[in-house]
Amino acid sequence: MRPVSFVVPFVLAGVLALTASVPAPAQATAYPDKPPILLGAAWYPEQWPESQWEPDLALMEAAHIHLVRVGEFAWSTMEPSEGHYEFAWLDRAIALAAKHHICVVLGTPTAAPPAWLTTKYPDTLRVDENGRRDEHGNRQQFSFASTRYRHFAHDIAEQMAIHFGHNPDVVGWQLDNEYAEPSFDPEAKAQFHAWLQKKYGTIANLNQHWATAYWSQTYDNFDEIPVRSDHENPALLLEWKRFVSDTWKSYSVNQISAIRPHADPRQFITTNTMGWFDGFDEYVVHSVLDKAAWDDYISTDHYDPADNGARHDLTRGFKRQNFWVMETEPAFVNWRPTNTPLEKGQVRDMAWQAIGHGSDAVEYWQWRSAPNGQEEYHGVLIGIDGKPVPVYDEVKQVGAEFEKAGAALAGTSPHSSVAIIQSYDSRWAIDFQRHSAKFDPVEELVAFYRPLREQTQAVDIVSPDAPLDQYKLVVAPALNVLPQSLADHLIAYVKAGGHLVLGPRSGMKDEYNALNPQRQPGPLADLLGANVSQFYALDEDVPVSGDLGNGTANIWAETLSPSSSDTHTLLTYGPSNGWLDNQPAIVTRMVGKGSITYIGAWLDQPLLDSITAHFVHEAGVQPILPGVPDGVEVCQRTSEQNAGSGKYVLILINHTTTNQHIALPSAMTDLLNSGSVSSVDLPKYGVAVLQN
Ligand code: GLA
């Protein structure tokens, strides 16, 4: 029986100091003998007899794969019984990979506890919101808050780090796998109560901020507070999400504290995230990680380059640095109702899009079909028979291209003068109380992202507290939670000459998810010289017209009421329900050289496109490569913020199914085909990588 006295805070303090001393990761991979842009695959050697490893690795090498992620989910192989560790097999697998010029990311196996652990210590199992404790099986069945589970996780991570922390072929660590579900077990609940007590100090303070006189919610003690993720006081719901974020952060710190003291500083520590997933605040968790990484699976049945590009930009924003695609689909997955494949050519298109948006590695999940298990139908590069499946050749082409273009891309990143603010607090607050069922805050964000990305060809997606000085234009699509501190940050940006565009529902709530005392946009209303007189949920189109064009509002409409003579109305509602008729829908005000604008409605896409074009123009943002045909994506990576100096690489991707001709402003070196070119012709899903 292990002691359960393990206390996270001592680890937290130590590790934050340790991680702070670790040098910031480079903006591109830099491993001797490896291309700076890495092609990789998830490899599970524990699923195979060793005799199969060599042929598999030879096929990887032939496909220019220089990276494998191993160890993830292999807990029962690494620690077959409590306290008995078996790493010799992994030593051999890593050494054999290295022989084939393949480096390794080690996954800690904590997303899949072994049966001996959960059987002997059932208190480590997750409890769902209805109080049902998980049984052993499947994966992710642990409680993220369990002190005992963290003790085991710390031990296995530490043993791995002692063993592999100085292995020259191990380049980094992935903690766990796709953090997702919180637990509602008694320990997690007690931790939530303690977390609230630490934050609020007294129950009277909490009662005041949560306005608990409402529905007789007044609490006498912290442990009376219910623990729920739905149908509760909005303050409680928001604090639960923040607690979950802090708990995943301390879950990470627990493993970082085990790894970092034994690992070379060159070995990064990351985890693999899931795009728009909002179970916790990624900015909080990434504050203790060295690098961001994500699993890029298309979010609908067909590849939507704009949504996919937005998710890359979101991930790049977690640390405001280049990132890795830790998993992506080799044409198809197994978890949709109908797992249609990407079309031939789109796997390569997606790989280059990842690089264009700032990834320095693309890893396919997975290398080879497992002989059994829940994912027998998933896309792979190698079949059960050890022979390539059709998509292998396309991936091999990507690998050859990464080798050709790697040196030019080393040390480069995307840079942008436009930012979209993405706030988990605001997304959660809206989702707790949608008011209009179709108001999906991610869809609203992407509605702004699509035209902005097309018009400027470079957009950052950043946290609300990110520094904004580099941006000419900042768009906050639905910044619902807007406390004074955040308002001060935005006011300073506008007063320094920045152009700020707020979307509907902005500025309604304070940091406790209570209504701001001033009407929307709350603490920004004075700067705007206007406020929202009323919001309305819509289920039919309302005409809008004005200086910025004509179109319709739907889903959401707010009427604005200017109070300042220099606040101008740019768009007005037409006749509809009477409340909206002739009322301002968009207002704007110049503030020195900067401006603040409030868009009160969810607008149809063509109208929103012309509105973003107006603000892009007003802010003086130019596209990287003007005049490219629709459906051709332009990505730029440079070594400096200012594209005029240093390295400069353009990645052009034809997402359409027809040939496209793109004229270049001056001759550039074609890195994939050699030679100097002044224009490129891209076939269906074609890619060009060009250097000046
Ligand atoms: C996730 C997981 C992988 C695998 C893939 C399948 O991303 O991290 O282990 O299950 O999904 O698409």
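For region 413-432, filtered to residues that are among the polar types (S, T, N, Q) and not in a loop (DSSP other than H, G, I, E, B), the residue that is surrounded by the fewest Cβ atoms within 10 Å (Cβ to Cβ) is 413. Residues in region 620-670 that are among the β-branched types (Val, Ile, Thr) and out of contact with any strand residue (DSSP E or B) (no Cβ under 8 Å at 6 or more places or on another chain) were compared, and the one that is nearest to residue 345 (Cα to Cα) is 657.
Being within 14 Å of the ligand (Cβ to nearest atom) and buried (at least 19 other Cβ atoms within 10 Å of the Cβ), is that true of even one residue in region 299-306? No, the conditions are met nowhere in region 299-306.
Which residue, of 257, 299, 250, is within 30 Å of residue 510 (Cα to Cα) and of a type in the set (Ser, Thr, Tyr)?
Working: 257 fails: within 30 Å of residue 510 (Cα to Cα); 299 fails: within 30 Å of residue 510 (Cα to Cα).
Going through 257, 299, 250 in turn, the sole match is 250.
Would you mind finding the one in 571, 548, 607, 580 that is open to solvent by less than 50 Å² (accessible area, probe 1.4 Å) and modelled with pLDDT under 95? Just one listed residue meets the conditions, 548.
Does region 89-105 hold any residues that are open to solvent by 50 Å² or more (accessible area, probe 1.4 Å) and aliphatic (A, V, I, L, M), and which are they?
Initial filter on region 89-105 (open to solvent by 50 Å² or more (accessible area, probe 1.4 Å)): 91-92, 95, 99, 101.
If the condition is that a residue be open to solvent by 50 Å² or more (accessible area, probe 1.4 Å) and aliphatic (A, V, I, L, M), then 95 is the only one that fits.
For region 403-411, does any single residue satisfy the condition of being outside any strand (DSSP E or B), open to solvent by 10 Å² or more (accessible area, probe 1.4 Å), more than 25 Å from residue 670 (Cα to Cα) and at pLDDT 95 or above? Scanning region 403-411 turns up no residue that is outside any strand (DSSP E or B), open to solvent by 10 Å² or more (accessible area, probe 1.4 Å), more than 25 Å from residue 670 (Cα to Cα) and at pLDDT 95 or above. Among the residues of region 377-392, none is identified as open to solvent by less than 40 Å² (accessible area, probe 1.4 Å), over 31 Å from the mean Cα position of the chain (by Cα) and either within 16 Å of the ligand (Cβ to nearest atom) or of a type in the set (Val, Ile, Thr) (or both).
Could you tell me which numbered condition residue 137 fails, if it satisfies all but one of (1) in contact (Cβ under 8 Å) with a residue 24 or more places away in the chain; (2) open to solvent by less than 30 Å² (accessible area, probe 1.4 Å)? Failing condition for residue 137: (1).
Can you spot a residue in region 155-173 that is open to solvent by less than 10 Å² (accessible area, probe 1.4 Å) and within 16 Å of the ligand (Cβ to nearest atom)? Full working, then the answer.
In the first step, residues of region 155-173 are kept if they are open to solvent by less than 10 Å² (accessible area, probe 1.4 Å); the result is 156-157, 160-161, 164-165, 170-173.
So of that shortlist, the ones also within 16 Å of the ligand (Cβ to nearest atom) come out as 173.
Within region 155-173, one or more residues are open to solvent by less than 10 Å² (accessible area, probe 1.4 Å) and within 16 Å of the ligand (Cβ to nearest atom).
Residues of region 277-289 include at least one that is open to solvent by 10 Å² or more (accessible area, probe 1.4 Å), more than 16 Å from the ligand (Cβ to nearest atom) and not in a loop (DSSP other than H, G, I, E, B). Of all the criteria given as (1) crowded, with 22+ Cβ neighbours inside 10 Å; (2) within 14 Å of the ligand (Cβ to nearest atom); (3) of a type outside the set (Phe, Trp, Tyr), the one not satisfied by residue 395 is (2). Of everything listed in (1) touching a residue at least 40 places away in the same chain (Cβ under 8 Å); (2) over 20 Å from residue 279 (Cβ atoms); (3) among the charged types (D, E, K, R), the single unmet condition for residue 220 is (1). Residues of region 332-346 include none that is touching a residue at least 60 places away in the same chain (Cβ under 8 Å) and either within 16 Å of the ligand (Cβ to nearest atom) or open to solvent by less than 10 Å² (accessible area, probe 1.4 Å) (or both).
Residues that are at negative phi, part of a strand (DSSP E or B) and out of contact with any Cys (no Cβ under 7 Å at 6 or more places or on another chain) do occur in region 619-632.
Out of region 466-489, which residues are touching a residue at least 60 places away in the same chain (Cβ under 8 Å) and more than 11 Å from residue 419 (Cβ to Cβ)?
In the first step, residues of region 466-489 are kept if they are touching a residue at least 60 places away in the same chain (Cβ under 8 Å); the result is 466, 470, 472-473, 475, 481.
Within region 466-489, 481 is the sole residue that qualifies.
Scanning region 352-374 for residues being touching a residue at least 60 places away in the same chain (Cβ under 8 Å), more than 15 Å from the ligand (Cβ to nearest atom) and within 22 Å of the chain's Cα centre (by Cα) gives a total of 8. The number of residues in region 509-535 that are open to solvent by 40 Å² or more (accessible area, probe 1.4 Å) and not charged (D, E, K, R) comes to 8. For region 158-171, the criterion of a residue being under 26 Å from the mean Cα position of the chain (by Cα) and not aliphatic (A, V, I, L, M) is satisfied by no position.
Considering every residue within region 177-188, establish whether at least one is more than 30 Å from residue 71 (Cβ to Cβ), open to solvent by 10 Å² or more (accessible area, probe 1.4 Å) and either of a type outside the set (Lys, Arg) or within 31 Å of the chain's Cα centre (by Cα) (or both). Checked against the condition, which is being more than 30 Å from residue 71 (Cβ to Cβ), open to solvent by 10 Å² or more (accessible area, probe 1.4 Å) and either of a type outside the set (Lys, Arg) or within 31 Å of the chain's Cα centre (by Cα) (or both), region 177-188 yields at least one hit. Taken residue by residue, region 201-217 has no member that is of a type in the set (Phe, Trp, Tyr), closer than 25 Å to residue 108 by Cβ and either more than 16 Å from the ligand (Cβ to nearest atom) or in contact (Cβ under 8 Å) with a residue 24 or more places away in the chain (or both).
Here residue 196 meets each of (1) open to solvent by less than 10 Å² (accessible area, probe 1.4 Å); (2) closer than 29 Å to residue 64 by Cβ with one exception, condition (2).
Select, from 299, 252, the only residue that is among the polar types (S, T, N, Q) and modelled with pLDDT under 95.
Working: 252 fails: modelled with pLDDT under 95.
Criteria check complete, one pass: 299.
Among the residues making up region 469-486, none is open to solvent by less than 10 Å² (accessible area, probe 1.4 Å) and either closer than 22 Å to residue 565 by Cα or charged (D, E, K, R) (or both).
The values are calculated or read from the model by the stated rules, or taken from the named source; none is laboratory data. Just so it is clear, the structure is predicted and the values come from calculations on it, not from any experiment. Glycine also receives a Cβ, built like all others from the backbone with ideal geometry; neighbour counts cover every protein chain displayed. Note: areas computed on protein heavy atoms with side chains; ligands, DNA, RNA excluded. Shrake-Rupley method; radii C 1.70, N 1.55, O 1.52, S 1.80 Å.
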